[in-house]
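The values are calculated or read from the model by the stated rules, or taken from the named source; none is laboratory data. These numbers come from a predicted model, not from an experiment. Here Cβ is always computed from backbone atoms with ideal geometry, including for glycine, and neighbour counts include all displayed protein chains.
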Amino acid sequence: MVEPTRLRRRRALSSSLLAGVLSLGSLLALPLRAAEQLDIHLDGLDLPLNLAELERWSRDPQARSGELTVWLNLLDPQSQQQLHRLLNVSLVQQRSFTQQMMRSWAGQRVAEELGVLLSTENGNAGPLVLSTLNTLLKDQQQVTVMELMRALPARQLTINLDGLQQLARGWRQQLSDQEAALQALQTLPLPQGTPLLPLSDGVLLERQPSPADRALQRWRLPVPHRQQPLELELWPVQGAKTWVLLMPGLGGSTDQLRWLAQALHERNWPVVLLDHPGSNELAVRELVQGRRLPPGAETLPGRVQDLQAVVAAAQAGGLPKLGQRVVLMGHSLGGLTSLLAAGLRPEPGLQRRCKRSLADLPLINLSRLLQCQLPEVALPPVQPLAQPIAGVVTFNGFGSLLFPHRGLRDLDVPVFMLGGSLDLITPPLSEQLRLFLPDPNPRSRLVLLEGASHFSPVRMQAGGEAPLFKFGEEWVGVDPTRVQNLILSLSSEFLWGLDQRGLRRDLPPQRRDLGGVSAYVLDHDLAKLWQTRIEVRTSRADPTAPPAGPPER
(Lines give C-alpha, C1' and ligand atoms only; values in the text may rest on other atoms or scores of the structure.)
Protein backbone atom coordinates (compact mmCIF):
# COMPACT_ATOMS: atom_id res chain seq x y z
CA MET A 1 0.00 0.00 0.00
CA VAL A 2 1.35 3.39 -0.96
CA GLU A 3 1.69 5.72 2.03
CA PRO A 4 -0.43 8.90 1.72
CA THR A 5 1.63 11.86 0.53
CA ARG A 6 0.69 14.07 3.45
CA LEU A 7 1.68 11.45 6.00
CA ARG A 8 4.99 10.85 4.21
CA ARG A 9 5.71 14.57 4.34
CA ARG A 10 4.85 14.71 8.02
CA ARG A 11 7.08 11.74 8.76
CA ALA A 12 9.94 13.30 6.79
CA LEU A 13 9.49 16.60 8.60
CA SER A 14 9.29 14.82 11.96
CA SER A 15 12.48 12.89 11.26
CA SER A 16 14.34 16.06 10.32
CA LEU A 17 13.06 17.87 13.39
CA LEU A 18 13.98 14.89 15.58
CA ALA A 19 17.57 15.20 14.42
CA GLY A 20 17.36 18.95 15.08
CA VAL A 21 16.02 18.40 18.60
CA LEU A 22 18.85 16.02 19.38
CA SER A 23 21.31 18.57 18.01
CA LEU A 24 19.79 21.27 20.22
CA GLY A 25 19.91 18.93 23.17
CA SER A 26 23.61 18.27 22.72
CA LEU A 27 24.35 21.97 22.43
CA LEU A 28 22.49 22.76 25.64
CA ALA A 29 23.93 19.72 27.41
CA LEU A 30 20.29 18.85 28.11
CA PRO A 31 19.50 15.98 25.72
CA LEU A 32 16.35 14.02 25.31
CA ARG A 33 14.98 10.74 26.24
CA ALA A 34 12.71 8.19 27.73
CA ALA A 35 13.24 4.57 28.76
CA GLU A 36 10.91 2.61 26.51
CA GLN A 37 9.03 4.75 24.03
CA LEU A 38 9.59 8.04 22.21
CA ASP A 39 6.45 9.74 20.92
CA ILE A 40 6.61 12.46 18.30
CA HIS A 41 3.65 14.86 18.40
CA LEU A 42 3.13 16.76 15.16
CA ASP A 43 -0.01 18.43 13.79
CA GLY A 44 -2.34 16.23 15.84
CA LEU A 45 -0.47 13.00 15.08
CA ASP A 46 1.35 10.84 17.62
CA LEU A 47 4.17 8.89 15.99
CA PRO A 48 5.84 6.31 18.27
CA LEU A 49 9.43 5.06 18.21
CA ASN A 50 10.74 2.05 20.09
CA LEU A 51 13.76 3.11 22.11
CA ALA A 52 15.21 -0.36 22.34
CA GLU A 53 15.41 -0.38 18.54
CA LEU A 54 16.96 3.09 18.56
CA GLU A 55 19.54 1.98 21.12
CA ARG A 56 20.51 -1.09 19.06
CA TRP A 57 20.89 1.09 16.00
CA SER A 58 23.06 3.57 17.95
CA ARG A 59 25.46 0.68 18.68
CA ASP A 60 25.23 -0.91 15.25
CA PRO A 61 23.99 1.22 12.30
CA GLN A 62 23.22 -1.98 10.40
CA ALA A 63 20.69 -3.08 13.04
CA ARG A 64 17.35 -1.83 11.73
CA SER A 65 13.87 -3.10 12.41
CA GLY A 66 10.23 -2.10 12.69
CA GLU A 67 9.08 1.51 12.60
CA LEU A 68 12.64 2.76 13.05
CA THR A 69 13.52 1.53 9.56
CA VAL A 70 10.80 3.73 8.04
CA TRP A 71 12.03 6.77 9.93
CA LEU A 72 15.67 6.24 9.06
CA ASN A 73 14.87 5.73 5.39
CA LEU A 74 13.36 9.22 5.35
CA LEU A 75 16.74 10.68 6.33
CA ASP A 76 19.54 11.10 3.83
CA PRO A 77 22.81 9.26 4.59
CA GLN A 78 24.53 12.36 5.99
CA SER A 79 21.63 13.03 8.39
CA GLN A 80 21.72 9.41 9.50
CA GLN A 81 25.42 9.72 10.30
CA GLN A 82 24.81 12.93 12.25
CA LEU A 83 22.01 11.31 14.25
CA HIS A 84 24.20 8.28 15.02
CA ARG A 85 27.01 10.53 16.28
CA LEU A 86 24.60 12.53 18.42
CA LEU A 87 23.27 9.43 20.14
CA ASN A 88 26.80 8.43 21.12
CA VAL A 89 28.29 11.85 21.81
CA SER A 90 29.40 12.72 25.31
CA LEU A 91 27.09 15.37 26.71
CA VAL A 92 29.52 16.32 29.44
CA GLN A 93 33.09 17.34 28.69
CA GLN A 94 33.77 18.80 32.14
CA ARG A 95 31.74 17.20 34.92
CA SER A 96 32.24 19.91 37.53
CA PHE A 97 31.35 22.69 35.07
CA THR A 98 28.12 20.94 34.03
CA GLN A 99 27.09 20.26 37.61
CA GLN A 100 27.49 23.92 38.52
CA MET A 101 25.59 25.07 35.44
CA MET A 102 22.67 22.78 36.29
CA ARG A 103 22.50 24.24 39.79
CA SER A 104 22.45 27.84 38.56
CA TRP A 105 19.37 30.05 38.32
CA ALA A 106 19.63 30.25 34.53
CA GLY A 107 20.05 26.47 34.22
CA GLN A 108 16.91 25.86 36.26
CA ARG A 109 14.90 28.33 34.17
CA VAL A 110 16.02 26.69 30.92
CA ALA A 111 15.06 23.28 32.32
CA GLU A 112 11.58 24.53 33.21
CA GLU A 113 11.02 25.95 29.74
CA LEU A 114 12.08 22.68 28.10
CA GLY A 115 8.62 21.48 29.11
CA VAL A 116 7.33 23.33 26.04
CA LEU A 117 9.14 20.72 23.94
CA LEU A 118 9.68 17.71 26.21
CA SER A 119 7.34 15.89 28.56
CA THR A 120 6.89 12.52 30.19
CA GLU A 121 3.69 10.79 31.25
CA ASN A 122 4.01 12.87 34.44
CA GLY A 123 4.45 16.26 32.74
CA ASN A 124 7.44 18.59 32.18
CA ALA A 125 10.59 16.57 31.49
CA GLY A 126 13.13 19.38 31.87
CA PRO A 127 13.77 19.10 35.64
CA LEU A 128 13.75 15.29 35.37
CA VAL A 129 16.45 15.40 32.70
CA LEU A 130 18.57 17.66 34.91
CA SER A 131 18.19 15.52 38.02
CA THR A 132 18.94 12.31 36.11
CA LEU A 133 22.02 13.79 34.52
CA ASN A 134 23.21 15.05 37.89
CA THR A 135 22.75 11.57 39.39
CA LEU A 136 24.79 9.95 36.62
CA LEU A 137 27.60 12.48 37.05
CA LYS A 138 28.10 11.44 40.66
CA ASP A 139 29.53 8.13 39.47
CA GLN A 140 31.00 8.86 36.04
CA GLN A 141 32.91 11.63 34.30
CA GLN A 142 30.97 11.59 31.03
CA VAL A 143 27.42 10.79 29.97
CA THR A 144 26.25 10.01 26.45
CA VAL A 145 22.80 10.63 25.01
CA MET A 146 21.96 6.93 25.11
CA GLU A 147 23.15 6.59 28.70
CA LEU A 148 20.84 9.39 29.72
CA MET A 149 18.00 7.76 27.79
CA ARG A 150 18.45 4.47 29.61
CA ALA A 151 18.65 6.14 33.02
CA LEU A 152 15.68 8.50 32.73
CA PRO A 153 12.99 7.14 35.09
CA ALA A 154 10.03 7.46 32.74
CA ARG A 155 8.12 5.05 30.57
CA GLN A 156 7.84 7.40 27.63
CA LEU A 157 9.02 10.80 26.46
CA THR A 158 6.94 12.99 24.17
CA ILE A 159 8.58 15.52 21.87
CA ASN A 160 6.22 18.30 20.88
CA LEU A 161 7.38 19.19 17.39
CA ASP A 162 4.50 21.64 17.05
CA GLY A 163 6.12 23.60 19.89
CA LEU A 164 9.51 23.25 18.26
CA GLN A 165 8.11 24.54 14.97
CA GLN A 166 6.63 27.52 16.79
CA LEU A 167 9.99 28.18 18.43
CA ALA A 168 11.71 27.94 15.05
CA ARG A 169 9.18 30.34 13.52
CA GLY A 170 9.86 32.81 16.29
CA TRP A 171 13.61 32.49 15.69
CA ARG A 172 13.18 33.06 11.95
CA GLN A 173 10.89 36.02 12.57
CA GLN A 174 13.41 37.69 14.87
CA LEU A 175 16.18 37.21 12.32
CA SER A 176 13.90 38.56 9.60
CA ASP A 177 13.04 41.59 11.75
CA GLN A 178 16.73 42.33 12.30
CA GLU A 179 17.39 42.10 8.56
CA ALA A 180 14.47 44.45 7.83
CA ALA A 181 15.75 46.83 10.50
CA LEU A 182 19.19 46.97 8.91
CA GLN A 183 17.66 47.64 5.50
CA ALA A 184 15.54 50.43 7.00
CA LEU A 185 18.61 51.87 8.70
CA GLN A 186 20.44 52.06 5.38
CA THR A 187 17.67 54.29 3.96
CA LEU A 188 17.95 57.00 6.63
CA PRO A 189 19.07 60.45 5.45
CA LEU A 190 22.49 60.36 7.09
CA PRO A 191 25.42 62.44 5.82
CA GLN A 192 28.74 60.70 5.28
CA GLY A 193 30.97 61.43 8.26
CA THR A 194 34.73 61.43 8.65
CA PRO A 195 36.86 61.16 11.81
CA LEU A 196 37.59 64.47 13.44
CA LEU A 197 41.11 65.73 12.87
CA PRO A 198 43.23 67.12 15.73
CA LEU A 199 42.55 70.82 16.10
CA SER A 200 45.15 73.53 16.52
CA ASP A 201 42.94 76.17 18.11
CA GLY A 202 43.75 74.95 21.60
CA VAL A 203 40.35 73.36 22.22
CA LEU A 204 41.00 69.69 21.55
CA LEU A 205 44.73 69.78 22.27
CA GLU A 206 44.60 71.86 25.43
CA ARG A 207 46.06 69.02 27.49
CA GLN A 208 49.54 67.78 26.59
CA PRO A 209 50.51 65.11 29.15
CA SER A 210 54.17 64.27 29.51
CA PRO A 211 55.46 60.75 28.72
CA ALA A 212 55.62 60.04 32.47
CA ASP A 213 51.89 60.65 32.77
CA ARG A 214 51.19 57.94 30.22
CA ALA A 215 52.54 55.09 32.35
CA LEU A 216 49.96 52.55 33.51
CA GLN A 217 49.46 52.53 37.28
CA ARG A 218 48.03 49.58 39.21
CA TRP A 219 46.19 50.23 42.46
CA ARG A 220 44.59 48.12 45.15
CA LEU A 221 41.67 50.02 46.67
CA PRO A 222 40.28 48.73 50.02
CA VAL A 223 36.47 48.86 50.10
CA PRO A 224 34.14 48.05 53.01
CA HIS A 225 31.83 45.72 51.06
CA ARG A 226 34.57 43.29 49.96
CA GLN A 227 37.14 41.28 51.86
CA GLN A 228 39.86 41.95 49.29
CA PRO A 229 40.83 45.31 47.75
CA LEU A 230 39.59 46.20 44.28
CA GLU A 231 42.16 45.81 41.50
CA LEU A 232 42.35 49.01 39.45
CA GLU A 233 44.33 50.08 36.40
CA LEU A 234 44.81 53.85 36.13
CA TRP A 235 45.93 56.12 33.32
CA PRO A 236 46.00 59.63 34.88
CA VAL A 237 46.19 62.80 32.79
CA GLN A 238 47.16 66.13 34.33
CA GLY A 239 44.66 68.97 34.08
CA ALA A 240 41.67 66.88 32.96
CA LYS A 241 38.15 67.98 33.77
CA THR A 242 36.41 64.67 32.98
CA TRP A 243 37.58 61.07 33.46
CA VAL A 244 36.30 57.65 32.37
CA LEU A 245 35.45 54.69 34.60
CA LEU A 246 35.53 51.62 32.34
CA MET A 247 34.02 48.22 33.27
CA PRO A 248 34.06 44.83 31.50
CA GLY A 249 31.02 42.62 31.12
CA LEU A 250 30.03 39.39 32.84
CA GLY A 251 33.02 37.06 32.90
CA GLY A 252 35.22 39.77 31.36
CA SER A 253 38.61 41.00 32.45
CA THR A 254 40.68 44.16 32.37
CA ASP A 255 42.86 42.44 29.75
CA GLN A 256 39.94 42.48 27.30
CA LEU A 257 39.30 46.24 27.51
CA ARG A 258 42.83 47.50 28.14
CA TRP A 259 43.15 48.36 24.45
CA LEU A 260 40.31 50.87 24.83
CA ALA A 261 41.56 52.33 28.11
CA GLN A 262 45.02 52.87 26.65
CA ALA A 263 43.68 54.33 23.39
CA LEU A 264 41.40 56.79 25.22
CA HIS A 265 44.31 57.81 27.42
CA GLU A 266 46.43 58.47 24.35
CA ARG A 267 43.67 60.89 23.33
CA ASN A 268 44.06 62.71 26.66
CA TRP A 269 41.31 61.05 28.68
CA PRO A 270 42.11 59.84 32.21
CA VAL A 271 40.81 56.28 32.54
CA VAL A 272 40.26 53.87 35.45
CA LEU A 273 39.72 50.25 34.41
CA LEU A 274 37.84 48.32 37.10
CA ASP A 275 37.88 44.57 37.73
CA HIS A 276 34.76 43.23 39.50
CA PRO A 277 35.53 40.25 41.79
CA GLY A 278 32.94 37.50 41.61
CA SER A 279 31.83 38.23 38.04
CA ASN A 280 35.17 38.51 36.25
CA GLU A 281 37.24 36.05 34.25
CA LEU A 282 38.59 34.45 37.43
CA ALA A 283 35.01 33.64 38.50
CA VAL A 284 34.39 31.91 35.17
CA ARG A 285 37.61 29.92 35.51
CA GLU A 286 36.45 28.80 38.96
CA LEU A 287 33.12 27.81 37.39
CA VAL A 288 34.88 25.67 34.80
CA GLN A 289 36.87 24.04 37.60
CA GLY A 290 33.64 23.29 39.50
CA ARG A 291 34.50 25.59 42.40
CA ARG A 292 31.52 27.98 42.11
CA LEU A 293 28.13 28.57 40.51
CA PRO A 294 27.91 30.64 37.32
CA PRO A 295 27.92 34.38 38.12
CA GLY A 296 24.77 36.25 37.15
CA ALA A 297 22.57 39.15 38.14
CA GLU A 298 23.25 38.52 41.83
CA THR A 299 26.64 40.19 41.28
CA LEU A 300 25.07 43.55 40.33
CA PRO A 301 24.78 44.97 43.88
CA GLY A 302 28.52 44.42 44.41
CA ARG A 303 29.31 45.88 41.01
CA VAL A 304 27.33 49.05 41.75
CA GLN A 305 29.07 49.39 45.12
CA ASP A 306 32.45 48.92 43.41
CA LEU A 307 31.66 51.80 41.10
CA GLN A 308 30.46 54.02 43.94
CA ALA A 309 33.60 53.28 45.97
CA VAL A 310 35.98 54.14 43.10
CA VAL A 311 34.25 57.46 42.40
CA ALA A 312 34.27 58.29 46.12
CA ALA A 313 37.99 57.52 46.35
CA ALA A 314 38.70 59.71 43.32
CA GLN A 315 36.80 62.59 44.94
CA ALA A 316 38.37 62.14 48.39
CA GLY A 317 41.95 61.95 47.12
CA GLY A 318 42.41 58.23 47.65
CA LEU A 319 43.44 57.97 43.99
CA PRO A 320 45.56 60.21 41.77
CA LYS A 321 43.72 63.34 40.64
CA LEU A 322 41.51 62.40 37.70
CA GLY A 323 38.97 65.19 37.18
CA GLN A 324 35.80 66.71 38.56
CA ARG A 325 33.26 64.73 36.52
CA VAL A 326 33.06 61.06 35.56
CA VAL A 327 31.81 59.20 32.50
CA LEU A 328 30.50 55.69 33.29
CA MET A 329 31.46 53.32 30.47
CA GLY A 330 30.86 49.57 30.31
CA HIS A 331 30.46 46.55 28.06
CA SER A 332 27.30 44.40 28.38
CA LEU A 333 26.72 43.85 32.13
CA GLY A 334 29.19 46.70 32.71
CA GLY A 335 26.82 48.93 30.75
CA LEU A 336 23.86 47.86 32.89
CA THR A 337 25.97 48.51 35.99
CA SER A 338 26.55 52.05 34.70
CA LEU A 339 22.82 52.65 34.19
CA LEU A 340 22.00 51.39 37.69
CA ALA A 341 24.77 53.47 39.28
CA ALA A 342 23.46 56.51 37.38
CA GLY A 343 20.08 56.06 39.08
CA LEU A 344 17.86 53.76 36.99
CA ARG A 345 15.90 50.98 38.73
CA PRO A 346 13.62 48.31 37.22
CA GLU A 347 10.07 49.50 36.56
CA PRO A 348 7.22 47.78 38.45
CA GLY A 349 5.87 44.55 36.94
CA LEU A 350 9.21 42.90 36.09
CA GLN A 351 8.09 39.45 37.29
CA ARG A 352 4.97 39.62 35.14
CA ARG A 353 6.96 40.69 32.10
CA CYS A 354 9.51 37.94 32.67
CA LYS A 355 6.84 35.27 32.97
CA ARG A 356 5.64 36.15 29.49
CA SER A 357 9.12 36.64 28.08
CA LEU A 358 10.44 33.28 29.28
CA ALA A 359 7.41 31.34 28.06
CA ASP A 360 9.66 30.46 25.10
CA LEU A 361 13.37 29.79 25.32
CA PRO A 362 15.18 33.13 24.69
CA LEU A 363 17.35 31.76 21.90
CA ILE A 364 18.11 35.14 20.32
CA ASN A 365 18.17 37.35 23.43
CA LEU A 366 20.09 35.62 26.20
CA SER A 367 20.21 38.84 28.23
CA ARG A 368 16.60 38.16 29.24
CA LEU A 369 17.81 35.35 31.52
CA LEU A 370 19.92 37.88 33.43
CA GLN A 371 17.16 40.51 33.49
CA CYS A 372 14.65 38.02 34.83
CA GLN A 373 16.92 37.07 37.71
CA LEU A 374 16.77 40.62 39.08
CA PRO A 375 13.47 40.22 40.99
CA GLU A 376 15.44 37.97 43.34
CA VAL A 377 18.27 40.51 43.74
CA ALA A 378 18.31 43.31 46.34
CA LEU A 379 19.81 46.29 44.52
CA PRO A 380 21.32 49.05 46.68
CA PRO A 381 19.19 52.19 47.07
CA VAL A 382 19.73 54.95 44.55
CA GLN A 383 22.25 57.48 45.80
CA PRO A 384 24.20 60.24 44.04
CA LEU A 385 27.81 59.48 43.21
CA ALA A 386 30.52 61.47 44.95
CA GLN A 387 31.16 63.29 41.66
CA PRO A 388 28.75 64.51 38.97
CA ILE A 389 28.14 62.14 36.05
CA ALA A 390 29.04 63.73 32.72
CA GLY A 391 27.59 60.91 30.64
CA VAL A 392 27.05 57.16 30.26
CA VAL A 393 28.48 54.94 27.51
CA THR A 394 27.22 51.37 26.99
CA PHE A 395 28.58 48.86 24.50
CA ASN A 396 26.07 46.07 23.81
CA GLY A 397 24.02 47.14 26.82
CA PHE A 398 20.56 45.85 27.67
CA GLY A 399 17.45 46.44 29.81
CA SER A 400 14.30 46.06 27.67
CA LEU A 401 12.46 44.14 30.40
CA LEU A 402 13.81 46.35 33.17
CA PHE A 403 12.93 49.75 31.67
CA PRO A 404 10.27 48.97 29.03
CA HIS A 405 8.33 52.25 29.13
CA ARG A 406 10.59 55.00 30.43
CA GLY A 407 13.82 53.68 28.94
CA LEU A 408 16.60 56.18 29.64
CA ARG A 409 14.19 59.08 30.27
CA ASP A 410 14.98 59.29 34.00
CA LEU A 411 18.68 59.95 33.37
CA ASP A 412 19.55 63.64 33.18
CA VAL A 413 22.86 63.03 31.36
CA PRO A 414 23.70 62.22 27.73
CA VAL A 415 23.95 58.51 26.87
CA PHE A 416 25.96 56.86 24.09
CA MET A 417 24.47 53.42 23.26
CA LEU A 418 26.31 51.18 20.81
CA GLY A 419 25.14 47.85 19.42
CA GLY A 420 26.00 45.38 16.67
CA SER A 421 23.76 44.10 13.88
CA LEU A 422 24.92 40.50 14.55
CA ASP A 423 24.40 40.60 18.31
CA LEU A 424 22.25 37.61 19.35
CA ILE A 425 22.85 38.12 23.08
CA THR A 426 21.70 41.74 23.41
CA PRO A 427 20.00 42.35 20.02
CA PRO A 428 19.95 46.06 19.13
CA LEU A 429 16.24 46.40 18.29
CA SER A 430 14.97 45.30 21.69
CA GLU A 431 17.94 46.06 23.93
CA GLN A 432 19.22 49.37 22.58
CA LEU A 433 16.63 51.01 20.32
CA ARG A 434 13.75 50.35 22.74
CA LEU A 435 15.66 51.95 25.62
CA PHE A 436 16.85 54.87 23.52
CA LEU A 437 13.50 55.97 22.04
CA PRO A 438 12.01 57.49 25.26
CA ASP A 439 15.21 59.47 25.93
CA PRO A 440 14.67 63.10 24.84
CA ASN A 441 18.22 64.25 25.66
CA PRO A 442 19.44 66.08 22.51
CA ARG A 443 23.05 65.03 23.16
CA SER A 444 22.37 61.28 23.45
CA ARG A 445 23.36 59.05 20.54
CA LEU A 446 22.42 55.56 19.36
CA VAL A 447 25.04 53.80 17.22
CA LEU A 448 24.63 50.58 15.26
CA LEU A 449 27.71 48.87 13.80
CA GLU A 450 26.94 46.79 10.74
CA GLY A 451 28.49 43.32 11.01
CA ALA A 452 29.49 43.69 14.67
CA SER A 453 28.59 41.16 17.37
CA HIS A 454 28.28 41.11 21.14
CA PHE A 455 31.98 40.29 21.43
CA SER A 456 33.32 42.92 19.03
CA PRO A 457 34.57 45.30 21.79
CA VAL A 458 36.62 42.50 23.39
CA ARG A 459 40.30 42.19 22.48
CA MET A 460 42.64 39.47 23.67
CA GLN A 461 46.00 40.93 24.69
CA ALA A 462 49.12 39.39 23.14
CA GLY A 463 50.97 37.26 25.64
CA GLY A 464 47.96 36.94 27.96
CA GLU A 465 46.25 33.79 29.15
CA ALA A 466 44.55 31.63 26.56
CA PRO A 467 40.82 32.41 26.31
CA LEU A 468 38.48 30.13 28.23
CA PHE A 469 36.10 29.80 25.29
CA LYS A 470 36.67 30.14 21.57
CA PHE A 471 33.87 31.41 19.35
CA GLY A 472 33.34 30.96 15.64
CA GLU A 473 32.94 33.75 13.12
CA GLU A 474 29.15 33.65 13.44
CA TRP A 475 29.53 34.81 17.07
CA VAL A 476 32.46 37.20 16.60
CA GLY A 477 31.25 39.01 13.47
CA VAL A 478 33.57 40.94 11.16
CA ASP A 479 37.21 41.51 12.08
CA PRO A 480 37.00 42.88 15.65
CA THR A 481 40.01 45.16 15.14
CA ARG A 482 38.22 47.11 12.41
CA VAL A 483 35.09 47.37 14.55
CA GLN A 484 37.16 48.53 17.51
CA ASN A 485 38.67 51.32 15.43
CA LEU A 486 35.16 52.66 14.87
CA ILE A 487 34.23 52.18 18.52
CA LEU A 488 37.27 54.21 19.55
CA SER A 489 36.68 56.93 16.96
CA LEU A 490 33.00 57.49 17.80
CA SER A 491 33.15 57.07 21.56
CA SER A 492 36.12 59.43 21.90
CA GLU A 493 34.30 62.07 19.82
CA PHE A 494 31.23 61.66 22.03
CA LEU A 495 33.44 62.18 25.09
CA TRP A 496 35.01 65.22 23.53
CA GLY A 497 31.57 66.73 23.00
CA LEU A 498 30.78 66.21 26.69
CA ASP A 499 33.92 68.07 27.72
CA GLN A 500 33.29 71.05 25.42
CA ARG A 501 30.12 72.20 27.14
CA GLY A 502 30.45 75.82 26.10
CA LEU A 503 31.13 75.03 22.43
CA ARG A 504 28.53 72.22 22.05
CA ARG A 505 30.66 70.26 19.61
CA ASP A 506 28.34 67.23 19.86
CA LEU A 507 28.87 64.05 17.83
CA PRO A 508 26.67 64.72 14.75
CA PRO A 509 24.30 62.10 13.26
CA GLN A 510 26.08 60.46 10.36
CA ARG A 511 27.15 57.30 8.58
CA ARG A 512 30.79 56.55 9.27
CA ASP A 513 32.75 54.00 7.17
CA LEU A 514 36.13 52.82 8.36
CA GLY A 515 38.08 49.80 7.18
CA GLY A 516 35.06 48.30 5.42
CA VAL A 517 32.81 48.58 8.51
CA SER A 518 29.83 50.95 8.64
CA ALA A 519 28.49 52.76 11.69
CA TYR A 520 25.15 54.59 11.84
CA VAL A 521 24.99 57.41 14.40
CA LEU A 522 21.43 58.48 15.31
CA ASP A 523 19.95 61.20 17.47
CA HIS A 524 16.47 60.97 18.99
CA ASP A 525 14.57 62.12 15.89
CA LEU A 526 16.43 59.75 13.57
CA ALA A 527 15.90 56.86 15.98
CA LYS A 528 12.14 57.52 15.85
CA LEU A 529 12.31 57.66 12.04
CA TRP A 530 14.20 54.36 12.01
CA GLN A 531 11.52 52.75 14.19
CA THR A 532 8.80 54.00 11.83
CA ARG A 533 10.55 52.60 8.76
CA ILE A 534 11.09 49.27 10.52
CA GLU A 535 7.35 49.03 11.19
CA VAL A 536 6.56 49.82 7.55
CA ARG A 537 8.95 47.15 6.26
CA THR A 538 7.78 44.45 8.65
CA SER A 539 4.12 45.16 7.88
CA ARG A 540 4.84 44.82 4.15
CA ALA A 541 6.65 41.54 4.75
CA ASP A 542 3.68 40.20 6.74
CA PRO A 543 0.41 42.01 5.91
CA THR A 544 -1.42 39.98 8.60
CA ALA A 545 0.93 41.11 11.36
CA PRO A 546 -0.64 43.48 13.92
CA PRO A 547 0.81 46.99 14.15
CA ALA A 548 3.64 47.47 16.61
CA GLY A 549 2.22 48.24 20.03
CA PRO A 550 3.62 49.66 23.25
CA PRO A 551 6.10 47.67 25.33
CA GLU A 552 4.77 44.96 27.63
CA ARG A 553 3.57 46.07 31.03
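Quick one: how many residues across the range 413-427 are part of a loop (DSSP other than H, G, I, E, B) and within 14 Å of ARG445 (Cα to Cα)?
Residues of the range 413-427 that are part of a loop (DSSP other than H, G, I, E, B), as a first pass: 413-414, 421-427.
Checking which are within 14 Å of ARG445 (Cα to Cα) leaves us with 413-414.
Residues flagged as part of a loop (DSSP other than H, G, I, E, B) and within 14 Å of ARG445 (Cα to Cα) within the range 413-427 amount to 2.
Take the residues in the range 413-445 that are over 12 Å from the mean Cα position of the chain (by Cα) and charged (D, E, K, R), then tell me which one is surrounded by the most Cβ atoms within 10 Å (Cβ to Cβ).
Ranking the candidates gives ARG445 first.
Checking SER96 against (1) of a type in the set (Ser, Thr, Tyr); (2) at pLDDT 70 or above; (3) assigned to a helix (DSSP H, G or I): exactly one of these is not met. Which one?
Just one mismatch for SER96, condition (2).
Residue-by-condition table, conditions (1) under 20 Å from the mean Cα position of the chain (by Cα); (2) outside the structural domain of SER456 (by TED's automatic domain parsing); (3) part of a loop (DSSP other than H, G, I, E, B):
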position: MET329; (1), (2), (3): yes, no, no
position: LEU339; (1), (2), (3): yes, no, no
position: LEU370; (1), (2), (3): yes, no, no
position: PRO380; (1), (2), (3): no, no, yes
position: GLN383; (1), (2), (3): no, no, yes
position: ALA386; (1), (2), (3): no, no, yes
position: ALA390; (1), (2), (3): no, no, no
position: HIS405; (1), (2), (3): no, no, yes
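Filter the helices (runs of 4 or more DSSP H) completely within the range 439-553 down to those with at least 3 residues that are at pLDDT 55 or above. Full working, then the answer.
On the way: elements: 473-476, 480-499, 524-541.
Of the helices (runs of 4 or more DSSP H) lying wholly inside the range 439-553, those with at least 3 residues that are at pLDDT 55 or above span 480-499, 524-541.
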